[in-house]
Structure formats: C-alpha cells, structure tokens
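Let me begin by presenting the structure, written as structure tokens, before commenting on it.
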Amino acid sequence: MVEALLPSYRLTQSSLAALADAVTNLSAFTPQVDTDGFCRLQRLSTRVLPSQAFSSFIPLKKLFLPPREKLWSFQSGQFSEIEQPEPFAVVGVPLCDLQALWYLDQVFAEDLPYQKRRARSLVVAMPCEPMPECRCDRQLMPVAGDLFLDQQCAWALSPAGDALLRACGAGAAADKPLPWPAAGPERRPLLTEEQLRSSADATIWAETAQRCLSCGACSAVCPTCYCFDLLDETATDGSVIRDRRWDNCFFAEHAKVAGGHDFRPERANRLHFRLEHKFFGFGALHGQNGCVGCGRCRKVCPVDIDLDQIAAQLGEEGLT
Ligand code: SF4
Ligand code: SF4
C-alpha cells in the first residue's frame, strides 16, 4: 500500500486555541489513566487538549457500537425512532485505533445507529508512545477519523477535519504522510489463508484451548471485534424492544443456532475461528487482516495467549 500524502496545516497559538475551543465545546472524551492504573475513555474535564495519545483499555468502538443499545421499540402501536445522538469528540487516540475505526466503518457501512454516531463525531488522533506489546503497521489499512495533531502541525483526515482547521485559521502546508511511530523490533508473522484453513487439525489448537478460559476478554478489548447479538423482549401487551448487545466468539453459546446445533462446540474450534476472522476477514473485508497490532489482547489475556504467536508457530513448525 503506497503511503498517502494528506493535507497538512501549521497551527499558530491562536488557531490552536480556536481548535481547542471547537473540540471542547462538544462533549469530548479522551483516554485517561485512572487512579487504579487503567486507561479508560473519560470525559475531558478541562478545555485544554491532551498532547499525546494513549491506548484505552476498552477502545473507541464502545462509543460507536455501545455494549448494549436499544435499536427500536414498538409500544402502544408506535415504532420509536432511533434517538439522534448528541455531537461528540474523541481526542488523543492512537493511529492504530484510526485504522480499527476504518475497519468498523466498512463493517457497519449500512448500519443506521452506527452511521448516525459516526456522522456526529469528531475523532482526533495524536502521536503515541508505543508499548512493548505494540505491533502496528502503517501499511495495513487506511485510517478513518478527522484530524491528527502533533503540537503545531495538523493533518486533515476528512472533509470535516479540513473545514475545521481552515475555520480555526490554520495555515496550509505541503501534503505529507502521517508521522507514524517507528516500527517496533517485533515483526508480525506471515500466515497464508491456505495455511490456516488446512490447520484445523493441528495440535496447537487443542494445546492452546486447554489454557484458554473462554473469558472473552481478548475480544472485548479488541478494537476490530464487533460480534453482536439481537434480543427481542416482548411483553403481554404486545410491546417489543429490540436490543443489540456485544457478543463474543469465545463464548460457548456463540455459534449455537435455532434447533440446538452448535457450529463451534469446542474451545479449539472457537480459537481457530477467531484467528481466521481476525486475520482474513469476511464478506467485503475478505483478505483484509483486521488486527491493527494494538496489543490489547496480549495485555489482557490472563493466560498469555497471543494470536501472532499461534500464527508464527503454524507458519514455522508446519501443521503437526
Ligand atoms: S492486537 Fe489483539 S486486540 Fe489489538 S487488533 Fe490485534 S487481535 Fe485485536
Ligand atoms: S483472553 Fe485469553 S483466556 Fe480469555 S478468551 Fe481470550 S485467549 Fe482465552
């Protein structure tokens, strides 16, 4: 993938102040480290923009695809409208999370609640300090979002971001690529789809599945995991509420369908499925590696399971 040149701008003190005002006039969220040491997306409590990005424990996806939401209800003969979300901003997100946002934008391209939230959001990325777990790759996929801010320099990532910078009086500079952090020492292993498909009986699945607790934490924190379940709650008066809730491919019930058949009854099947979905995508995203290398799953797994390590082992040791 050729690295894109993007419109960039120079910010003076006054244009930066105008930008900070524009962002903080919205309901703004930012990743902040809490007193318990966890980094969470929290409301920005000052009118000062952060200067650096942090990787929040639960990523950006929760603002666009909430863990639980009402999609519609039918009560007293009336369908309810999906509520129009308030405009909001998210500032201080790392570039790998903007790749994950691009990925979700493709998955939910025709999903009204998701698109409404996206249309009302302003997403601002900033430089990050890579952690030991990070394996981001600027070539992996495009980024979504609106702005990238690096002190006195800004990049416009969307027409809305471009318009905002101009409105704040930023001065146009030459188009240039985004300043990604330098690649870490670890390289992502290369595994072909064919290798993965023919590995269904490899011993590594059963061995790893013996350690896996099916807790689902890796999928919950993954910025590109998006499985959900739909639940209709019906009442005797005929009213119905349709809820959408996060689901998780590690959960035992995930692949169970009407009639009781379970497509992935064993934990080893579920592990294989997760790796296949993550690295080789489905539908319009088939062939797209959906792992942005943020390292969240490695950090959170209580038994140190690492998808890249499984891929490396399958690639190096063959399918024994
Ligand atoms: S590193 Fe883990 S959590 Fe991050 S995108 Fe890849 S699979 Fe998801
Ligand atoms: S976090 Fe680890 S133990 Fe939990 S489901 Fe994921 S791989 Fe299994």
Stokes-Einstein D for segment 6-176 (10 °C, 1.306 mPa s, Kirkwood Rh from Cα pairs), in µm²/s, comes to 93
Beyond 32 Å, the calculated P(r) of the chain holds a percent of Cα-Cα pairs equal to 34
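Can you give me the relative contact order of the chain as a percent, contacts being Cα pairs under 8 Å and 6 or more apart?
On the way: 563 pairs, mean separation 74.0, N = 320.
Reported as a whole number, the value is 23 percent.
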Proxy exposure order for ASP36, ASP146, ASP308 (fewest C-beta within 10 Å first) is ASP36, ASP308, ASP146
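Expressed as a whole percent, how much of the Cα-Cα distance distribution for segment 193-317 exceeds 18 Å?
Details: 4480 of 7750 pairs.
When every Cα pair of segment 193-317 is considered, 58 percent fall beyond 18 Å.
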Over segment 150-218, the quotient of the Cα radius of gyration and 2.2 N^0.38 Å is 2.06
Taking a ≥ b ≥ c as the square roots of the eigenvalues of the Cα gyration tensor, with a/c under 1.5 meaning rounded and otherwise prolate when a/b exceeds b/c and oblate if not, segment 279-320 is oblate
For segment 58-111 the translational diffusion coefficient, Stokes-Einstein from a Kirkwood Rh over Cα pairs at 10 °C and viscosity 1.306 mPa s, in µm²/s, is roughly 118
Expected sort for 17-23, 168-174 on mean C-beta neighbours within 10 Å, highest first, is 17-23, 168-174
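For segment 56-155, what does the alpha-carbon gyration tensor say about shape, rounded, prolate or oblate, given a ≥ b ≥ c as the root eigenvalues, a/c under 1.5 as rounded, and a/b over b/c as prolate?
Values: a/c = 2.60, a/b = 2.16, b/c = 1.20.
In terms of gyration-tensor shape, prolate.
Counting other beta carbons within 10 Å of each Cβ, put PHE279, PHE88 in order, fewest first.
PHE88, PHE279
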Cross-link reach from LYS62 to aspartates and glutamates, straight Cα distance under 20 Å and at least 8 residues apart if same chain, gives ASP34, GLU83, GLU86, ASP97, ASP105, GLU110, ASP111, ASP146, ASP229, ASP243, ASP247
Amide H contacts under 5 Å for LEU44, restricted to residues at least 5 apart in sequence or on another chain and with H modeled in the peptide plane, are ALA28, PHE29, THR30
Quick note on HIS277, HIS261, ordering by fewest other C-beta atoms within 10 Å, gives HIS261, HIS277
The pairs in LYS70/LYS116; LYS70/LYS278; LYS61/LYS278; LYS116/LYS278 lying past 18 Å Cα-Cα in this model are LYS70/LYS278; LYS116/LYS278
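Coordinate-derived values only; no laboratory data. Everything numeric in this text was worked out from a predicted model, so none of it was measured. No Cβ is skipped: glycine too gets one built from the backbone with ideal geometry, and neighbour counts run over all protein chains shown.
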